[in-house]
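Inspection log for the structure reproduced underneath, given as structure tokens.
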Amino acid sequence: MSTVYLIDASIYIFQAHFSPYTECYDAQNNDLSAVYGFTRFLLQFINRIKPSHIAIARDESLFSGFRHQLCPNYKSNRELPDENLKTQLDACALVCDAMGLANFASRVYEADDILGTLAARISRLENPKLAACIVSKDKDLAQLLVNERNYLWDFSGNRKRYRQDVFDEYGVYPEQFPDYLGLVGDSVDVISGVPSVGPVKAKALLSEFPTIEAIYENLSAVGELKFRGAKSLPIVLADNLAAAQLSKALATIECDVRNEDESFSSTSYEDLKVGLPDKTGFEDLLRELNFQNAERESLLYQFEKVFKIT
């Protein structure tokens with residue numbers, strides 16, 4: 001089985017940035033933990049997996065993406081990166097370049113949409129020996145598991161989830177995940193959902209009706225379902241139709257982005273092949289970021305070891 005690894009970069013960048021176990025500063029005491037931790041993650045990943053094809057999706061759309069046009073409150077609990085973190089985020093892209101890894105970001109689409117579009121394109125190849133592995137611990141990405149080969153991998157926790165695992169955990173199929181989140185909401189992304197509809201009721205509803213649209217087409221039948229609180233649900237759902245529709249729209253990953261301004265929208269399988277590493281570029285970047293000698297030498301040593309550069 002050949003695998004294309006689609007990496008959700010933000011998970012690993014911010015994990016390093018906020019982790020008390022990953023601390024790195026330059027000579028002027030400016031924080032370099034995010035880029036240092038992300039670089040170490042990539043080197044560890046490549047050394048362990050030895051992948052032939054990789055795509056890395058980075059987030060640059062906070063407060064500028066299309067979902068904010070739908071709902072200004074979306075992800076309103078987040079803060080824009082300060083100048084230091086912005087510099088590190090830009091450096092993470094350059095790290096990917098130096099390693100020969102295809103990487104993408106957008107001011108309109110989120111990393112999820114980049115991953116979704118690439119995963120869908122790989123799945124449309126209909127190659128029974130080709131799988132898409134989405135490297136992330138974000139549950140929202142479960143909706144990308146459109147076949148039995150694709151899977152989610154929380155690399156740090158070493159946990160892999162396939163379609164059946166998603167159903168076993170949430171009681172809904174991956175393709176129903178936008179509907180599930182449209183009902184229960186998602187506090188992490190400030191998606192409201194429908195009041196009083198939690199995971200148990202959402203699971204029960206979606207086991208009878210496959211989508212939110214089907215639920216609303218059968219509101220009279222909802223009250224006859226055999227679970228606690230079913231009788232009052234038709235009124236609650238009717239009163240919150242707009243919230244349910246908006247919540248589903250916000251939770252739905254775009255998997256068919258066609259925009260000539262977005263490089264990922266026209267990227268092919270072959271474009272994701274790991275390229276040649278650029279040791280000089282990597283060394284120059286570490287020097288430009290003013291890494292202290294110990295960390296710079298450590299990263300350079302790992303880079304040479306992983307890419308077998310003498």
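The values are calculated or read from the model by the stated rules, or taken from the named source; none is laboratory data. Not measured: the values here are computed from a predicted model. Virtual Cβ from ideal backbone geometry, glycine too; neighbours counted across all protein chains shown.
When you check Ser52 against the structure, is it buried (at least 23 other Cβ atoms within 10 Å of the Cβ), more than 16 Å from Leu285 (Cα to Cα) and among the polar types (S, T, N, Q), yes or no? The answer is no for Ser52.
The residues of region 1-29 that are in contact with a helix residue (DSSP H, G or I) (Cβ under 6 Å, 6 or more places away or on another chain), farther than 18 Å from Leu115 by Cα and outside any helix (DSSP H, G or I), listed by number, are Thr22, Glu23, Cys24. Considering the conditions (1) surrounded by 13 or more Cβ atoms within 10 Å (Cβ to Cβ); (2) closer than 30 Å to Ala55 by Cα; (3) out of contact with any Cys (no Cβ under 7 Å at 6 or more places or on another chain), Glu260 is excluded by exactly one of them, (1). Restricting region 101-126 to residues that are in a loop (DSSP other than H, G, I, E, B) and touching a residue at least 12 places away in the same chain (Cβ under 8 Å) leaves a set whose member that is farthest from Glu60 (Cα to Cα) is Leu125.
Quick one: is Asp239 at pLDDT 95 or above and under 19 Å from Ala142 (Cα atoms)? Taking the combined requirement at face value, the residue does not satisfy it. From the list Leu94, Leu62, which residue is under 19 Å from Phe14 (Cα atoms), in contact with a Leu (Cβ under 8 Å, 6 or more places away or on another chain) and part of a helix (DSSP H, G or I)? When all the criteria are applied, what remains is Leu94. Criterion applied to Ile11, Ile7 was being under 24 Å from Val188 (Cα atoms), within 19 Å of the chain's Cα centre (by Cα), assigned by TED's automatic domain parsing to the domain that holds Phe155 and modelled with pLDDT under 95, and the one residue passing it is Ile11.
Among the residues of region 142-170, those that are among the hydrophobic types (A, V, I, L, M, F, W, C) and either under 26 Å from Thr22 (Cα atoms) or free of Cβ contacts under 8 Å to residues at least 12 places away in the same chain (or both) comprise Leu152, Trp153, Phe155, Phe167.
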